[in-house]
1. Here is a check on your reading of the model: is G382 open to solvent by less than 70 Å² (accessible area, probe 1.4 Å) and on the phi > 0 side of the Ramachandran plot?
2. With respect to the numbered conditions (1) assigned to a loop (DSSP other than H, G, I, E, B); (2) in contact (Cβ under 8 Å) with a residue 40 or more places away in the chain; (3) more than 25 Å from H322 (Cβ to Cβ), which one is the sole condition not fulfilled by P217?
3. Name the residues in the stretch 34-71 that are in a helix (DSSP H, G or I), in contact (Cβ under 8 Å) with a residue 60 or more places away in the chain and either crowded, with 18+ Cβ neighbours inside 10 Å or not small (G, A, S) (or both), would you?
4. Buried (at least 16 other Cβ atoms within 10 Å of the Cβ), under 30 Å from A376 (Cα atoms) and either touching a His at 6+ places or on another chain (Cβ under 9 Å) or of a type outside the set (D, E, K, R) (or both) - does that describe any residue in the stretch 93-107?
5. Please list, ordered by residue number, the helices (runs of 4 or more DSSP H) wholly in the stretch 239-352 having 3 or more residues that are touching a residue at least 12 places away in the same chain (Cβ under 8 Å) and open to solvent by less than 60 Å² (accessible area, probe 1.4 Å).
6. Is it the case that some residue within the stretch 119-142 is open to solvent by less than 40 Å² (accessible area, probe 1.4 Å) and without any contact (Cβ under 8 Å) to a residue 40 or more places away in the chain?
7. How many residues does the stretch 385-414 hold that are open to solvent by 60 Å² or more (accessible area, probe 1.4 Å), closer than 18 Å to K220 by Cα and touching a helix residue (DSSP H, G or I) at 6+ places or on another chain (Cβ under 7 Å)?
8. Can you go through T104, T113, T151 and tell me which one is out of contact with any helix residue (DSSP H, G or I) (no Cβ under 6 Å at 6 or more places or on another chain) and β-branched (V, I, T)?
Amino acid sequence: MNAPVRDKVEVVSFGCRLNLVESEAMRRAAEEAGHGEAVLVNTCAVTAESVRQARQAIRRIARDNPDAKIIVSGCAAETERARFVAMPEVSAIVGNAAKTDVETWRDLLRGKTHTLDIMRAKVARPIAVDAIEGHTRAFLAIQNGCDHRCTFCVIPYGRGPSRSVPAEIVVAQAQRLVALGHKEIVLTGVDLTSWGGDLPGAPKLGYLVRALLKAAPGLKRLRLSSLDCIEADEDLFVALAQEERLTPHLHLSLQSGDDMILKRMMRRHSRRDAVDFCARVRKLRSDIVFGADLIAGFPTETDDMADNTLRLIEDCGLTHLHVFPYSPREKTPAARMPQVAADVRSARAKRLREAGERALERHLEAQVGRRVEVLAERGGVGRAHDFSLVATPGVAPGAMIEGVVAAREGMKLRLG
């Protein structure tokens, strides 16, 4: 949760990086429209816990700021709107379809609430956010929505169909961000590798990456957020092999390492696809580091199936893990499948996290003695090219420094 304190409009943002970008755009739009003493809560619906945390935050905000107007948006407000409407603390709901538009917030002051059907959204609204408080990296939203129907996921019903920001707009936004002094840009979206499918000629993500890097020679780093390995195109492989400014860090939406579970999830890749993708990229880029989303305890998952996912950490060479115990989401097919007991789900998630921590420790140990370039963030830490966390005491946020790694200290590196 990101909750910057402001004199006029405060934003509490849950969930993904796209939500982070949209939260800043919402704040600016609300302030431009004339809102004051308002708290905007941008919710997430990925898990039941995400929804619970949002509702808990709304109640806490109302206790701490009894005079503030609480306006709720985001995926949970789309998929579970009735629950938020019923909360006495909530003043209004703003739908995902137009939540970053100034006119939406002007209409709200006039008493008109925008709750357009997100499933009818056809165009990705470009979001121009110059900076996000608390972050030195720039986040550039290039895609929204999802056309896939994984059996565990409600996000397509909160985000609508896949839609892409045209390449020329993305490139222009990237150029502006570089001109403002940003050294790293992170491309974000709900289903990033589906970018371009709804645009004329159906360009692919690799084309956009290469075009952006060519048009923004002053950009030090371009980082990609979560990818679907089965959708990676040939231009993206070329960019990984040839473009040093494209960071050697890919976060993959894998979810499981067992073929039967992948089928029951309605994922489009197999275990072999994931392993082969990682092997191919590692041949192109020897310094590549992989992260992954993994779900523990999906319905019908047996001990042997869980072991297949555990082994995927080694087989793919995964380093930065996001592990989630399976969370039943209402109206999804997986919620109607035979469930794994909650304590078993938790135990399997714990085992995956512990394996991920060991893999990260090994990776960090291997960096000792190497020269790295680090983008300093707030809090005395920064990120290396491969997303390794590095201690940067006394370094101004936004500065880029180089040094030789002297040691691993916990889950951070220390320069000599």
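1. Values: open to solvent by less than 70 Å² (accessible area, probe 1.4 Å): yes; on the phi > 0 side of the Ramachandran plot: no.
No, not satisfied.
2. Here P217 clears every test but (2).
3. Of the stretch 34-71, the ones in a helix (DSSP H, G or I) are 48-64.
When the remaining residues are screened for being in contact (Cβ under 8 Å) with a residue 60 or more places away in the chain, the result is 48-49.
Correct list: E49 only.
4. Checking the stretch 93-107: at least one residue is buried (at least 16 other Cβ atoms within 10 Å of the Cβ), under 30 Å from A376 (Cα atoms) and either touching a His at 6+ places or on another chain (Cβ under 9 Å) or of a type outside the set (D, E, K, R) (or both).
5. Details: elements: 259-265, 271-284, 303-316.
Answer list for the stretch 239-352: 271-284, 303-316.
6. no
7. Within the stretch 385-414, residues that are open to solvent by 60 Å² or more (accessible area, probe 1.4 Å), closer than 18 Å to K220 by Cα and touching a helix residue (DSSP H, G or I) at 6+ places or on another chain (Cβ under 7 Å) number 0.
8. On the way: T104 fails: out of contact with any helix residue (DSSP H, G or I) (no Cβ under 6 Å at 6 or more places or on another chain); T151 fails: out of contact with any helix residue (DSSP H, G or I) (no Cβ under 6 Å at 6 or more places or on another chain).
After ruling out the rest, the residue left standing is T113.
The values are calculated or read from the model by the stated rules, or taken from the named source; none is laboratory data. Note that the coordinates shown come from a computational prediction; the quantities given were computed from them, not determined experimentally. Virtual Cβ from ideal backbone geometry, glycine too; neighbours counted across all protein chains shown. Calculation scope for accessible area: heavy atoms of the full protein, side chains included, ligands and nucleic acids excluded. Shrake-Rupley method; radii C 1.70, N 1.55, O 1.52, S 1.80 Å.
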